[in-house]
Amino acid sequence: MGKKRNVNWMRPVLWTVVLVVAAIVLYIASDRVYWDRYLHAHTLESFSEHPYPTIDRLYPQEAVPGVDSPRAIPVATQSERTIRADALEAAERYARSTKSTSLLVLRRGKLQYEAYWEGSNADTPVYSFSMHKTIVGMMVGFAIADGKIGSVEDSVAKYLPEWSDPEHSKIRIKHLLQMSSGIESMQYGDNPFSKHQRRQIGTDLASTALSFDVQEPPGQRFDYNGVNPTLLVMIIERTTGRRYAEYLSEKLWKPLGNRTAHVWLDHEGGLVFAATSLFATPRDWLRVGIMMLDQGRVDGREVLPEAWFRQMITPSPTNPVYGNLTWLGFNSSGAVSALDKGLGRYNTVDQKATSELASRNLICFDGLGGQRVYVFPDSELVIVRTGVLDGGYEDPILPNLVLDGVVTASSASHADTVPAGAPVH
């Protein structure tokens, strides 16, 4: 009889275990793509192993159509070289020592240096990481110029009715652009059930983004958060009635004269990973930098509205070295630059800066692992550097090496400072 009681007691426990296991299996089966990504493609180590992840990384892609013949970038002749050869050689040594995949240096409209390593070449698309965020910032400006978004002062609830509650509706477009929305801070870890994990690799980014609660009043504190650009892309698509990639192609990519690029999507026909994941070649990124150097113009023609360009590089109230999804190296109060503090804010692979930036006048596209577009307006200089995640890249060593070699009008009168001519590879 005792054995019978034990069996009777164990039967409901066993059924409970069976039901729990069955529920877990069904839960996993309901979103197999997510679990496949989680098991194979979510770690930083996997990015290090695949410095050029594309469609084989389990994410569908959407093309950002470019032009058939990319806009030419003039290469400096011997007499047009305006950066000392020894400075470019030092920059190359540092770039190679940190597993850089590309280094391009342009000054006064002429390409002074171009080289590729680690198995890459001029046709290799770069995984942008957070450099994409600054592109999203530009696209908001286009939507405003087209009258699709009213103003940066508009409540997000005007475009995202799901956030019409009293707390979320206090968030304005400008708060998303300036990383001061007040929503829950990003968290990193390996919990597959966390919305923070789904924010990075999930199959329904829109629902995940809308699930983030408000943790503090908007506009009070700078908090770097990848959900903000995701929400902005949702607003762009809803207001324009266009796919983000299509709108990006029309407004920016083709006018720049860039080649076809690609973005990752959460699922086929779904939402773009707006915080990362714009694939373009280093030369394409260089053309973006040249446009910013020319204050939004391409070959003398306005592409990015000048007023929006100015707004993008205006220091935000909560961070003097951050504008509208754009890092800055200067501000009116003379605060230290982002590079001085180190653009590696993730406490993972990027390193903190060990020296000061040589020029405060900087506009910077910043991606994890040292993906960079540096624009120095005072020096008429654009630098593109890309590389693998585990290279140990440190800001601001490389830009300082190049800046040290800039030949000014006064120094050019001395024969020993005129560059001997570093080759463009």
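Could you say which residue among Ala157, Ala143 is without any contact (Cβ under 8 Å) to a residue 60 or more places away in the chain and of a type outside the set (Val, Ile, Thr)?
On the way: Ala143 fails: without any contact (Cβ under 8 Å) to a residue 60 or more places away in the chain.
Just a single option satisfies the conditions, and that option is Ala157.
Per the conditions (1) buried (at least 21 other Cβ atoms within 10 Å of the Cβ); (2) at pLDDT 95 or above; (3) of a type in the set (Val, Ile, Thr), the sole criterion not satisfied by Thr276 is (2).
Determine which member of the set Glu92, Glu80 is surrounded by fewer than 19 Cβ atoms within 10 Å (Cβ to Cβ), in the same structural domain as Gly392 (by TED's automatic domain parsing) and not β-branched (Val, Ile, Thr).
Working: Glu92 fails: surrounded by fewer than 19 Cβ atoms within 10 Å (Cβ to Cβ).
Every option except Glu80 fails the conditions.
Confirm whether Glu237 is in a helix (DSSP H, G or I) and without any contact (Cβ under 8 Å) to a residue 40 or more places away in the chain. Criteria met by Glu237.
The rows are residues; the columns are (1) modelled with pLDDT of 75 or more; (2) aliphatic (A, V, I, L, M); (3) surrounded by fewer than 18 Cβ atoms within 10 Å (Cβ to Cβ); (4) not assigned by TED's automatic domain parsing to the domain that holds Trp117.
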position: Arg385; (1), (2), (3), (4): yes, no, no, no
position: Leu389; (1), (2), (3), (4): yes, yes, no, no
position: Tyr393; (1), (2), (3), (4): yes, no, no, no
position: Asn400; (1), (2), (3), (4): yes, no, no, no
position: Gly405; (1), (2), (3), (4): yes, no, no, no
position: Ala409; (1), (2), (3), (4): no, yes, yes, no
position: Ala422; (1), (2), (3), (4): no, yes, no, yes
position: His425; (1), (2), (3), (4): no, no, yes, yes
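Listed conditions (1) farther than 30 Å from Arg238 by Cβ; (2) modelled with pLDDT of 95 or more; (3) not hydroxyl-bearing (Ser, Thr, Tyr) are all met by Lys99, apart from (2).
Please indicate, with yes or no, whether at least one residue in the stretch 116-135 is assigned to a helix (DSSP H, G or I), assigned by TED's automatic domain parsing to the domain that holds Met292 and small (Gly, Ala, Ser). Checked the stretch 116-135: no residue is assigned to a helix (DSSP H, G or I), assigned by TED's automatic domain parsing to the domain that holds Met292 and small (Gly, Ala, Ser).
Residue under question is Gly109, and the condition is that it be of a type in the set (Gly, Ala, Ser), crowded, with 16+ Cβ neighbours inside 10 Å and modelled with pLDDT of 95 or more; does it hold? Considered against the rule, which asks whether it is of a type in the set (Gly, Ala, Ser), crowded, with 16+ Cβ neighbours inside 10 Å and modelled with pLDDT of 95 or more, Gly109 comes out as no.
Leu104 passes every criterion in (1) touching a Ser or Thr at 6+ places or on another chain (Cβ under 7 Å); (2) part of a strand (DSSP E or B); (3) not polar (S, T, N, Q) apart from (1).
The values are calculated or read from the model by the stated rules, or taken from the named source; none is laboratory data. None of these values were measured; they are calculated from a predicted model. All Cβ positions, glycine included, derive from the backbone under ideal geometry; neighbour counts span all protein chains shown.
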